[in-house]
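The next block holds one structure in the form of structure tokens; read it before the comments.
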């Protein structure tokens, strides 16, 4: 099997975009080991370059999945930094955003 992986880089960090279902299938038990330094948006996970993506690569090699890497670089700060932090239990980024908005509303209530 061959899998195309897009890597998005800004001046100081990079992330590999992987569909959540693909990451679950390839990583299996290691899926829960993905750190909070990775991000998620919709059905895509953006694995950070230092630990999470190498873990994915290791799992892919073990399953004999060939990776075709495509690099994308910008000189600006990536929008990926604004996505929700990865949560292995959250299949839906919108749930994370709803939680954040609810938490902000509670905090502003306490201030009043």
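Values in this text are rule-based calculations from the coordinates and carry no lab data. Owing to the predicted nature of the structure, the values given are computational and were not obtained by experimental measurement. Cβ atoms come from the backbone with ideal geometry, glycine included; neighbour counts cover every protein chain shown.
Looking at region 1-85, what % of the alpha carbon pairs are farther apart than 21 Å? Result: 22 percent of Cα pairs exceed 21 Å. Put in order of Cβ neighbour count within 10 Å, fewest first, the listed residues 12, 38 become 12, 38. By the beta-carbon count within 10 Å of each Cβ, the least crowded to most crowded order of 90, 59, fewest first, is 90, 59. Distance between the modelled labels on residue 36 and residue 51, one decimal in nanometres: 1.2 nm (7 Å Cα→Cβ projection). Listed by Cβ neighbour count within 10 Å, with the fewest neighbours leading, 36, 64 appear as 64, 36.
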